[in-house]
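Novice: Mind having a look at this structure? Questions to follow.
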Amino acid sequence: MGKSKAIVMKAADNVATAVEDLPAGYEVSFTVNGETAALLLQDNIPFGHKFAISPIKQAARVMKYGEPIGAASENIEAGRHVHVHNMIGLRGRGDLQA
Amino acid sequence: MEFMGYRRPDGTVGIRNHVLVMPTVVCANQVARGISLNVKGTTWFEHQHGCSQLAPDAAQTARALIGHGTHPNVYGVVVVGLGCEVVRAQEVAAEIRKRCPYKPVQLVIIQEEGGSYKAIQAGAAAAHHMVLEASLVKREPVETGELILGTECGGSDACSGIAANPALGAASDLLIDLGGTSILAETPELIGAEHIIADRAVNEAVRQKCYDTIKAFEDSAIAMGVDMRGGNPTPGNIEGGLSSIEEKSLGCVYKGGSRPLQDVIGWAECITKKGLIYMDTPGNDIEQLTGMVAGGCQIAVFTTGRGTPTGSPIAPTIKVASNTAMYEKMQDNMDINAGTIVTGDETIEQVGQRILTEMLAVASGKLTKAEVLGHNDFAIWRIGPTM
């Protein structure tokens, strides 16, 4: 897995997980499919939290582990924190039933 | 590969030799506690149920109690009832005797003994005798394939899915390859990951049962008319970086490893098959642990990112930390650190091997931190209204 400060689980993912507290303005590098990429963080990303590694349009799927983990509730730029403030879960949503 | 266990007369294998004091109803909790506190070497638990329950609920409670009484980690059992409850202590004791005729079983009914002190006296005298007898039973070499592992995660964070759960999945695969059994559970924490487990089913019936079981659980949450988020994932999960139940589930499912899924069984139902089994349980840590142990798991491995202290009263519960910071902060509770995967110091396979090695040490008698701390956590999954 390497001593990277952020982990992308699968190549289809559009988010990475920070494995240290990372500050806004930090240039973080991570590995996707064996290739290293870098990105400027626009938000503080606490340990264990996610940031977008590519732009995610409103209502588009947020992908982690190569699977959808929810949908963006607004347009999310690369480098931004992705969490409950800008993504929704799509399952177990009794609040959305008629 | 072998460990040192207790071979019971019916061929089942225990890894502990407990004398268990078990109330069949909430009204008997204090007497059960009184008995256990007076007899060193016993264990006990308490619970809220056993009365004012409709038949399916009462059956579920009885199943959990009988599963603990018959458990191979239990040498003998004192069954404590009040006398007027729905889940009859007489029937629970009779069923334990029927399934395990070799096992010492003492029935104590508070109303028949003539009150609490007399019931404590009767139960303590029986438990005292059982503890002396139990101390004579010797461990013997047992094949690792006799182990039934309950896998569990609780207080998850984002590292649970990156480190601790994949490592537990690797340990689960190693155990199954040695002829053992591993239980995957926590139905709400398979929502969004159902295809991953269902696609490994040994046949279409098991595959369909996966989907049906998970859908039924999701439907019950939806029927409450709220967003699951906040109830599961919990506020602590969310602080740890988990944003949805799907994200949590996709991390959870890793602890089931990669072997074929043999069967789907109900909460606290007897585990009879080898290999990977999915038990339908809530995500609630204690209700899940209780169900898996009642089904026959002799040992549980519990991964956690936030740090969770829980332990079964009769089955050793090994704690695996998903990150090094929490492992170091909660040394009181954590047995194994899987945070080395996150930092790149160990592979998933290496930590999986360490988990299996620790399981065999614990199965042979090494105490877990939860045992030393005296955990006797027990919770029954209530499925109906209180009458």
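None of the figures in this text is laboratory data; all of them are computed from the coordinates on show. The model shown is predicted, which means the values in this text are computed figures rather than measured ones. Counting neighbours? That spans all protein chains shown, and the Cβs are built from the backbone with ideal geometry, glycine included.
Novice: What number comes out for the charge environment of B:ASP173, summing +1 per Lys or Arg and -1 per Asp or Glu over other residues with Cβ under 13 Å away?
Specialist: On the way: positive: B:ARG200, B:LYS255, B:ARG259; negative: B:ASP177, B:GLU349.
Result for the neighbourhood of B:ASP173: +1.
Novice: Compute, for the stretch B:31-130, the length of the dipole vector about the Cα centre, with Cβ point charges of +1 (Lys, Arg) and -1 (Asp, Glu) only. Units Debye, rounded to 20.
Specialist: On the way: 9 positive and 7 negative charges, 68 e Å.
Computed about the Cα centre, the dipole is about 320 debye.
Novice: Give me the distance between the Cα centres of the stretch B:184-246 and the stretch B:75-97, rounded to whole Å.
Specialist: Taking the Cα centre of each part, the stretch B:184-246 and the stretch B:75-97 sit 35 Å apart.
Novice: Beta carbons within 10 angstrom, averaged per residue: use that to sort the peptides B:270-280, B:220-230, highest first.
Specialist: Details: B:270-280: 19.4, B:220-230: 16.1.
Listed from highest to lowest mean packing, they are B:270-280, B:220-230.
Novice: Name the most mobile residue of B:ASP332, B:ASP285, B:ASP219, meaning the one with the largest mean-square fluctuation, in a Gaussian network model of chain B with Cα contacts below 10 Å.
Specialist: Of B:ASP332, B:ASP285, B:ASP219, the most mobile in the Gaussian network model is B:ASP219.
Novice: So for B:GLU239, B:GLU189, A:GLU74, fewest C-beta neighbours within 10 Å to most, what's the order? Don't skip to the end; give the middle numbers.
Specialist: On the way: B:GLU239 15, B:GLU189 29, A:GLU74 12.
Starting with the residue having the fewest Cβ neighbours, the order is A:GLU74, B:GLU239, B:GLU189.
Novice: Could you work out which residue, out of B:GLY240, B:GLY339, B:GLY295, moves most in a Gaussian network model of chain B, that is, has the largest mean-square fluctuation with Cα springs under 10 Å?
Specialist: Comparing B:GLY240, B:GLY339, B:GLY295 in a Gaussian network model of chain B, the most mobile one is B:GLY240.
Novice: How large is the Rg to Rh ratio of the protein assembly as shown when both quantities use alpha carbon positions and Rh follows Kirkwood?
Specialist: Values: Rg = 23.4 Å, Rh = 23.2 Å.
My calculation puts Rg/Rh at 1.01.
Novice: Taking only Cα atoms and a 10 Å spring cutoff, compute GNM fluctuations for chain B and point out the largest among B:ASP263, B:ASP212, B:ASP377.
Specialist: So, out of B:ASP263, B:ASP212, B:ASP377, the one fluctuating most is B:ASP212.
Novice: Full extension from B:SER258 to B:ALA205: what is 0.36 nm times the residue separation minus their Cα-Cα distance, to one decimal in nm?
Specialist: Result for the pair: 17.2 nm of gain on full extension.
Novice: Taking B:LYS215 as the anchor, which aspartates and glutamates have their alpha carbon closer than 19 Å to its alpha carbon, excluding any fewer than eight residues away along the same chain?
Specialist: Output for B:LYS215: A:GLU67, A:ASP95, B:GLU186, B:GLU189, B:GLU194, B:ASP199, B:GLU204, B:ASP227, B:GLU246, B:GLU247, B:ASP263, B:ASP280.
Novice: What translational diffusion coefficient, in µm²/s and rounded to a whole number, does the Stokes-Einstein relation yield for the stretch A:1-92 at 20 °C and a viscosity of 1.002 mPa s, taking the hydrodynamic radius as the Kirkwood radius over Cα pairs? It would help to have the intermediate numbers written out before the result.
Specialist: Values: Rh = 12.9 Å.
In µm²/s, the coefficient rounds to 166.
Novice: Hey, if you put +1 on the Cβ of every Lys and Arg and -1 on every Asp and Glu Cβ in chain B, which of B:ASN17, B:THR290, B:SER135 ends up farthest toward the positive end of that dipole?
Specialist: Checked the options; the winner is B:SER135.
Novice: With Cβ to Cβ distances under 14 Å as the rule, what net charge do the other residues near B:HIS375 carry (K, R +1; D, E -1)?
Specialist: Computed value for this residue: -4.
Novice: Going Cα to Cα from A:LYS50, which lysines come in below 21 Å? Please leave out same-chain ones fewer than 8 positions away.
Specialist: A:LYS50 reaches A:LYS3, A:LYS5, A:LYS10, A:LYS64, B:LYS248.
Novice: Quick check on the protein assembly as shown: of the DSSP beta bridges with both residues there, what percent are antiparallel, nearest 5%? Let's see the in-between values first.
Specialist: Working: 28 of 66 bridges.
In the protein assembly as shown, DSSP labels about 40 percent of beta bridges as antiparallel.
Novice: Would you mind working out the magnitude of the charge dipole of the stretch B:145-372 relative to its Cα centre, with +1 at each Lys and Arg C-beta and -1 at each Asp and Glu C-beta, to the nearest 20 Debye? Please list the in-between numbers first.
Specialist: Numbers: 16 positive and 30 negative charges, 63 e Å.
In debye, rounded to 20, the stretch B:145-372 gives about 300.
Novice: Take B:ASP212, project a point 7 Å from its Cα along the Cβ direction, then tell me which residues of the stretch B:282-299 have their backbone nitrogen under 20 Å from it.
Specialist: B:282
Novice: Set the Förster radius R0 to 56 Å, insert the Cβ-Cβ distance between B:TYR102 and A:GLN97 as r into 1/(1 + (r/R0)^6), and round the FRET efficiency to 0.05. Each step should come with its number before you reach the end.
Specialist: On the way: r = 53 Å, r/R0 = 0.95.
Given R0 = 56 Å and the Cβ-Cβ separation, E is 0.60.
Novice: While we're on this one: Run the reach check for B:LYS40 against aspartates and glutamates, Cα to Cα strictly under 20 Å, same-chain hits fewer than 8 apart removed. What comes back?
Specialist: Within the straight-line cut-off, B:LYS40 pairs with B:GLU133, B:GLU371, B:ASP377.
Novice: Quick check on the stretch B:18-134: take the gyration tensor over C-alpha atoms, sort the square-rooted eigenvalues as a ≥ b ≥ c, and tell me if it's rounded (a/c under 1.5), prolate or oblate.
Specialist: Details: a/c = 1.80, a/b = 1.20, b/c = 1.50.
Because a/c hits 1.5 or more and a/b fails to exceed b/c, the stretch B:18-134 counts as oblate.
Novice: Going by amide H atoms built from the backbone, whose H comes under 5 Å of the H on B:GLN298, apart from near neighbours?
Specialist: B:ILE148
Novice: Ignore the peptide's own chain and count Cβ atoms of other chains within 10 Å of each Cβ in B:318-325; give me the average, rounded.
Specialist: Numbers: counts 0, 0, 0, 0, 1, 3, 0, 2.
Per-residue shielding by partner chains comes out at 1.
Novice: When a footprinting reagent is the concern and you count Cβ atoms within 10 Å, what order do B:TYR117, B:TYR327, B:TYR254 take, fewest first? Present the calculation step by step, with values, prior to reporting the outcome.
Specialist: On the way: B:TYR117 11, B:TYR327 23, B:TYR254 27.
Fewest to most other Cβ atoms nearby, the residues stand as B:TYR117, B:TYR327, B:TYR254.
Novice: Another question, if that's okay. Tell me the angle of helix B:116-134 to the major Cα principal axis of chain B, expressed in degrees between 0 and 90 and rounded to the nearest ten.
Specialist: Roughly 70 degrees, rounded to the nearest 10.
Novice: Per DSSP helix of 4 or more residues, -39500 (n - 2.57); summed, then divided by the residues of chain B. What does that give at 222 nm, rounded to the nearest 500?
Specialist: Working: 15 runs with 150 residues, N = 387.
One gets -11500 deg cm²/dmol as the mean residue ellipticity at 222 nm.
Novice: Also, I was wondering about something else. Can you give the mean number of other chain Cβ atoms that lie within 10 Å of the Cβ atoms in peptide A:44-56?
Specialist: On the way: counts 0, 1, 4, 8, 16, 8, 5, 0, 0, 0, 0, 0, 0.
Across the residues of A:44-56, the mean count of other-chain Cβ atoms within 10 Å is 3.
Novice: Give, rounded to the nearest 20 debye, the magnitude of the charge dipole that chain A has about its Cα centre when Lys and Arg contribute +1 at Cβ and Asp and Glu contribute -1 at Cβ.
Specialist: 280 debye
Novice: Let me ask another. With axes computed from alpha carbons, what is the tilt in degrees of helix B:55-69 against the longest principal axis of chain B, rounded to the nearest 10 within 0 to 90?
Specialist: So the helix axis and the longest Cα principal axis differ by about 80 degrees.
Novice: List residues of the stretch B:152-192, by number, whose backbone nitrogen lies under 20 Å from a label position 7 Å along Cα→C-beta of A:ALA12.
Specialist: The answer is B:161-162, B:166, B:190-192.
Novice: Now, a different point. Which ordering of A:LYS64, B:LYS248 is given by a fewest-first count of other beta-carbon atoms within 10 Å?
Specialist: Going from least to most buried by this count: A:LYS64, B:LYS248.
Novice: Express in nm, to one decimal, how much length is gained between B:LEU54 and B:ASP10 on full extension, taking 0.36 nm for each residue of separation and deducting their alpha carbon distance. Please report the intermediate quantities before stating the final value.
Specialist: Numbers: separation 44, 0.36 × 44 = 15.84 nm, distance 3.33 nm.
That pair, B:LEU54 and B:ASP10, stretches by 12.5 nm at full extension.
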